[in-house]
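Everything below concerns the one structure shown next.
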Amino acid sequence: MVYFVGAGTGAADLITVRGMRLLEKADVIIYAGSLVNPQLLEYAKQSCEIHNSAKMTLDEVIAVIKEAEEKGNTTVRLHTGDPSIYGAVREQMDELEQLKIAYESCPGVSACFGAAASLNLEYTLPEISQSLIITRMEGRTKVPPKESIESFAAHQASMAIYLSTGMLEELSRSLIAGGYREETPAALVYKATWPEEEAYVCTVKTLPEVARAHGIKKTALVLVGDVIAHQNYKKSRLYAPDFSTEYRKAEETER
C-alpha cells in the first residue's frame, strides 16, 4: 500500500495525527527533499528505508515503490504542505494505477494556511474578500493564459502566490496591471512555520524591494489583498444577536 502524505507547512508538529501514524508504520519513506522538515523523519521506525526524491526521477520513485510492494511493504510518499497543491502527485498515481498498486492520500496543511496563522490573518473578511485565489507565476511549468496573474488580480480577492519569489519584479507589475493598487497590502512569508521563518508585511509595489532587503530569493509565499490590513471589514452575521441559526434564535429588540 502507498500513502501520499502531506508533511504540512514546515513545523514538525503541524503534520496531521494520521500522517504521523503513517510515518510511524512505514517500511519505506520517499520524502520531498529540502522542502520537508527532516525532523518528520524522526517519526520513522529504525528499520525504515528512507529516500530523498530531490535526487530521483519519476521512474526511480516508482521503481522504489514497486520493489516495496513486491516485498509486501508499506510506502509513504511524503510531500510538502498538502499533496494536492503543486505536489506533482497525479502523475505518480497514474503510474501506480497502471501497475495496479493501491494508494490513498492523507491531507496536510498547505503553506498559505501556515502563513495566515503566522500573521493571524483571515482571508475571507466580510465585504473585503470572500475568496482565496491560490496560484503561481509561470516558470518552467506553464500556466494557462486564462489563469494569468493579471486576470486573477482583476477579482481583487485575497491571493496566495506560490513558487514565484524569484520573479517578484514581474509579479508586482502584473498585479498592478491586473487591477491591484500599488499600495494594496501584501506579505512575503519565507518558510512559513519553520524555525527560520521570516514574515514581512509590505505593499504590492514594494514586494521586490523587501525581498532584496532581506535576501529572500526562494521558498517564500506571497500574499496579496486588503485582508492583510484587517481594517474596514464588516462583522460576520453568524454571531450577530439579531441573526437566527439552527441553534440560536435571534434576540428580540425593543421597539
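The values are calculated or read from the model by the stated rules, or taken from the named source; none is laboratory data. Being a predicted model, the structure only gives us computed values, none of them experimental. Positions of Cβ are backbone-derived with ideal geometry, glycine not excepted, and every protein chain shown enters the neighbour counts. Keep in mind that these areas ignore ligands, DNA and RNA; they rest on the heavy atoms of the full protein, side chains included. Shrake-Rupley method; radii C 1.70, N 1.55, O 1.52, S 1.80 Å.
The figures follow:
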item: Condition check for SER47: out of contact with any Lys or Arg (no Cβ under 6 Å at 6 or more places or on another chain), assigned to a loop (DSSP other than H, G, I, E, B), in contact (Cβ under 8 Å) with a residue 12 or more places away in the chain and farther than 20 Å from THR193 by Cβ; result: yes
item: Checking ILE50 against (1) open to solvent by 50 Å² or more (accessible area, probe 1.4 Å); (2) modelled with pLDDT of 95 or more; (3) out of contact with any Phe, Trp or Tyr (no Cβ under 8 Å at 6 or more places or on another chain), the condition it does not meet; result: (3)
item: Residues being without any contact (Cβ under 8 Å) to a residue 40 or more places away in the chain and among the acidic types (Asp, Glu) - total across region 87-141; result: 5
item: Residues (open to solvent by 10 Å² or more (accessible area, probe 1.4 Å) and either touching a residue at least 60 places away in the same chain (Cβ under 8 Å) or not in a loop (DSSP other than H, G, I, E, B) (or both)) located in region 222-242; result: ASP226, ILE228, ALA229, HIS230, ASN232, TYR233, LYS234, LYS235, SER236, ARG237, LEU238, TYR239
item: Members of region 170-189 found to be under 15 Å from LYS218 (Cβ atoms) and either modelled with pLDDT under 95 or more than 18 Å from the chain's Cα centre (by Cα) (or both), listed by number; result: LEU171
item: Members of region 89-105 found to be small (Gly, Ala, Ser) and open to solvent by 60 Å² or more (accessible area, probe 1.4 Å), listed by number; result: SER105
item: Any hit, region 126-141, residues being within 20 Å of ARG21 (Cβ to Cβ) and surrounded by fewer than 18 Cβ atoms within 10 Å (Cβ to Cβ); result: no
item: Residue list for region 208-221, restricted to those being in a loop (DSSP other than H, G, I, E, B) and touching a residue at least 12 places away in the same chain (Cβ under 8 Å); result: ILE216, LYS217, LYS218, THR219
item: Any hit, region 63-73, residues being within 18 Å of PRO107 (Cβ to Cβ) and open to solvent by less than 80 Å² (accessible area, probe 1.4 Å); result: no
item: Looking only at region 191-208, and only at residues there that are touching a Ser or Thr at 6+ places or on another chain (Cβ under 6 Å) and within 20 Å of GLN39 (Cβ to Cβ), the one that is least open to solvent (accessible area, probe 1.4 Å); result: ALA192
